[in-house]
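**Student:** What follows is a single structure, and I will ask about it in a moment.
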Amino acid sequence: KEKDELTSQLVEAKSDDKEAQLKGENESLKAQIVQKDEWMATAQANLEGLAKEKDELTSQLVEAKSDDKEAQLKGENESLKAQIVQKDEWMATAQANLEGL
């Protein structure tokens, strides 16, 4: 009978040890999950930050291209205006010559 009690206590002790071990592993796994969630949140925030930076750079590039295009068009307009002025002068000269004849 004493042997049976000791065997029973030993089984309970092993069971308690196993339970404690499993609880310890469980806590460790929970901590790992929390850490990985934090890493994922940080990575997500970094990705969102990079996406925002990319959008800003793209916007700046579009603005720069727009500015370049605007400057190019202004230059072309000035050139066309100068050509019109020159043609007006030629027409006035031609008109004056015709009237002189």
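Rule-based calculations on the coordinates, nothing more; no lab input. This is a predicted model, so every value here is computed, not measured. Ideal geometry is used to build each Cβ from the backbone, glycine not excepted, and the neighbour counts take in all protein chains shown.
**Student:** Sorted from largest down, give the three principal axis spans of the alpha carbons of the stretch 4-52, whole angstrom values.
**Tutor:** Largest first, the stretch 4-52 extends 71, 7, 5 Å along its Cα principal axes.
**Student:** Under 25 °C and 0.890 mPa s, how fast does the chain diffuse according to Stokes-Einstein, given a Kirkwood radius computed over C-alpha pairs? Answer in µm²/s, whole number.
**Tutor:** Roughly 108 µm²/s, to the nearest whole number.
**Student:** Sticking with this structure for a sec: Checking the cross-link filter: which lysines have an alpha carbon closer than 30 Å to that of Lys30, excluding same-chain neighbours under 8 positions apart?
**Tutor:** Filter leaves Lys14, Lys18.
**Student:** Continuing with the same structure: Work out the length of the dipole vector of the chain about its Cα centre, built from +1 on the beta-carbon of each Lys and Arg and -1 on the beta-carbon of each Asp and Glu, and round it to the nearest 20 debye.
**Tutor:** Approximately 220 debye in magnitude.
**Student:** Per-residue ellipticity at 222 nm for the chain, helices alone: DSSP H runs ≥ 4 residues times -39500 (n - 2.57), over residue total, nearest 500 deg cm²/dmol?
**Tutor:** The per-residue figure over the chain is -37500 deg cm²/dmol.
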